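Right, one structure below, let's go through it.
The values are calculated or read from the model by the stated rules, or taken from the named source; none is laboratory data. Computed from a prediction, not measured in an experiment: that's the story for all the values here. Methodologically, a virtual Cβ is constructed for each residue, glycine included, from the backbone with ideal geometry; neighbour enumeration extends over all protein chains shown.
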Amino acid sequence: MKRIPNSPPPDKVILIHNGALGDFLLFWPCALAVRQAWPEARLVWAGRASHHHWLAPLGCEPCPAALRTGLDRLFIPGASSGALDGWLILWPVLTRLPPVAPLENCFLLQGLVRGQATSPRERYLAGLEALGLQVNGEWLPAFREYFARRRNAGDRVLLFPGTGHPLKQWPLVQHVELARRISALGLRPLFVAGPAELERGLVPATHEWIAPAGLPELEALLLTARAVAGGDTGPMHLAGMLGVPGVSLFGPTGFGQWGPLAMREASLGLPCSPCTEDCSDLACANPRCLAELPVERVLEALREVL
């Protein structure tokens, strides 16, 4: 693997990540490590605009139009990418490498290796070390200092019924029963829905629910939560990084590889679980691992974290 020259240090760095919220949060420690390694460098974010909220405290600016055009031209065979001259590009990916021509100033970080059940977070950080950066593993206090200082937990337990893949979802009827049991504990269950949950109808008619207007609103909501419960999904990663305790419901994917920080696992532990590393091959005809996960087991784990 080529290494980043350490003399002189780069003065202009582009960070690229186009994944969903959970994948982006697994990459966040790398962004902090880059800022710590090159405190004077100009950092530019060329990922989803909605994720810039968590990079702004690092002095990372949104990608200017000229640079965005240069990055887009990387996907055109033979096209000039002169706008990127002098920039160092860090590009984390899970398994599929971007279909662009190799560039001397572009360094890829691979988050998944088939057959190795390591968290992408750890692989990204190890990739930075292999490139020659010194990585401080104590990144979590910095994240909470930036984003969790306003934490003021009340009596709400947030329930996240949706996930990025339907086969990673616990049935809504079990979520509703869990909400009833939470109410019996004297706490207030609140279902949280995003665009995908609204489209799939994953909001119950019998319980209170909310649809945050955006990711900053989701963060603000999490900071008021006593606890959370949900599947393998981005908001659960955000909750754990903010210091909100909770229970993660796992089946097709592995908790050791994808589990959110500070969460208690609830699973059946079937011999066939986990059956996928990145959901690209997830097509189970009988997803018992979540369909048969009893409410009692989830409630017991929730009692422990409470």
Check GLU129 against each of (1) surrounded by 13 or more Cβ atoms within 10 Å (Cβ to Cβ); (2) assigned to a helix (DSSP H, G or I); (3) not hydrophobic (A, V, I, L, M, F, W, C) and name the one condition it does not meet. (1)
Could you check how many residues of segment 253-282 are more than 21 Å from GLU122 (Cβ to Cβ) and either assigned by TED's automatic domain parsing to the domain that holds PHE24 or touching a residue at least 60 places away in the same chain (Cβ under 8 Å) (or both)? 1
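On the basis of being touching a residue at least 40 places away in the same chain (Cβ under 8 Å) and either in contact with a Ser or Thr (Cβ under 7 Å, 6 or more places away or on another chain) or assigned to a loop (DSSP other than H, G, I, E, B) (or both), does GLY47 make the cut?
Values: touching a residue at least 40 places away in the same chain (Cβ under 8 Å): no; either in contact with a Ser or Thr (Cβ under 7 Å, 6 or more places away or on another chain) or assigned to a loop (DSSP other than H, G, I, E, B) (or both): yes.
Taking the combined requirement at face value, the residue does not satisfy it.
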List every residue pair whose Cβ atoms lie under 6 Å apart, where the two residues are 6 or more positions apart in sequence or sit on different chains, the first residue falls within segment 236-248 and is free of Cβ contacts under 8 Å to residues at least 60 places away in the same chain and of a type in the set (S, T, N, Q), and the second residue, located anywhere, is surrounded by 21 or more Cβ atoms within 10 Å (Cβ to Cβ) and assigned to a strand (DSSP E or B). SER248/MET263
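Could you tell me which residue of segment 188-206 is surrounded by the most Cβ atoms within 10 Å (Cβ to Cβ), considering only residues that are more than 22 Å from the chain's Cα centre (by Cα) and within 19 Å of ALA227 (Cβ to Cβ)? Please lay out each step first, then the result.
Residues of segment 188-206 that are more than 22 Å from the chain's Cα centre (by Cα), as a first pass: 188-189, 201, 203-206.
From what's left, within 19 Å of ALA227 (Cβ to Cβ): 188-189, 204.
Values: ARG188: 17, PRO189: 23, PRO204: 18.
That would be PRO189.
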Take segment 276-305 and flag every residue that is closer than 11 Å to PRO252 by Cα, in contact with a Leu (Cβ under 7 Å, 6 or more places away or on another chain) and of a type in the set (A, V, I, L, M, F, W, C). LEU282, CYS284, CYS289, LEU290
Any chance HIS52 is in contact with a strand residue (DSSP E or B) (Cβ under 6 Å, 6 or more places away or on another chain), closer than 22 Å to LEU215 by Cβ and surrounded by fewer than 20 Cβ atoms within 10 Å (Cβ to Cβ): yes
Going residue by residue through segment 66-73, is there one that turns out to be more than 26 Å from ASP278 (Cα to Cα), touching a strand residue (DSSP E or B) at 6+ places or on another chain (Cβ under 6 Å) and surrounded by fewer than 19 Cβ atoms within 10 Å (Cβ to Cβ)? no
Output for segment 235-258, where each listed residue is under 30 Å from CYS272 (Cβ atoms), at pLDDT 95 or above and of a type in the set (Gly, Ala, Ser): ALA239, GLY240, GLY246, SER248
Checked GLN134, GLN110 against criteria (outside the structural domain of PHE250 (by TED's automatic domain parsing), at negative phi and exposed (fewer than 14 other Cβ atoms within 10 Å of the Cβ)); the one match is GLN134
Scan segment 76-86 and give yes if some residue there is within 26 Å of ASP11 (Cβ to Cβ), in a loop (DSSP other than H, G, I, E, B) and in contact with a Phe, Trp or Tyr (Cβ under 7 Å, 6 or more places away or on another chain), otherwise no. no
Let me confirm something: among LEU108, LEU90, which residue is part of a strand (DSSP E or B) and without any contact (Cβ under 8 Å) to a residue 60 or more places away in the chain? LEU108
Number of the condition not met by PRO102 [criteria: (1) within 25 Å of LEU133 (Cα to Cα); (2) free of Cβ contacts under 8 Å to residues at least 12 places away in the same chain; (3) not in a loop (DSSP other than H, G, I, E, B)]: (3)
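Of CYS289, CYS284, CYS279, CYS275, which residue is crowded, with 20+ Cβ neighbours inside 10 Å, modelled with pLDDT under 95 and out of contact with any strand residue (DSSP E or B) (no Cβ under 8 Å at 6 or more places or on another chain)? Reasoning before the result, please.
On the way: CYS284 fails: crowded, with 20+ Cβ neighbours inside 10 Å; CYS279 fails: crowded, with 20+ Cβ neighbours inside 10 Å; CYS275 fails: crowded, with 20+ Cβ neighbours inside 10 Å.
Every option except CYS289 fails the conditions.
Using the structure shown, decide if GLU138 is more than 24 Å from GLU304 (Cα to Cα), out of contact with any His (no Cβ under 6 Å at 6 or more places or on another chain), in a loop (DSSP other than H, G, I, E, B) and modelled with pLDDT of 90 or more.
Values: more than 24 Å from GLU304 (Cα to Cα): yes; out of contact with any His (no Cβ under 6 Å at 6 or more places or on another chain): yes; in a loop (DSSP other than H, G, I, E, B): yes; modelled with pLDDT of 90 or more: yes.
When the stated conditions are applied, GLU138 passes them.
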Which ones in segment 141-154 are surrounded by 14 or more Cβ atoms within 10 Å (Cβ to Cβ) and in a loop (DSSP other than H, G, I, E, B)? ALA148, ARG151, ALA153
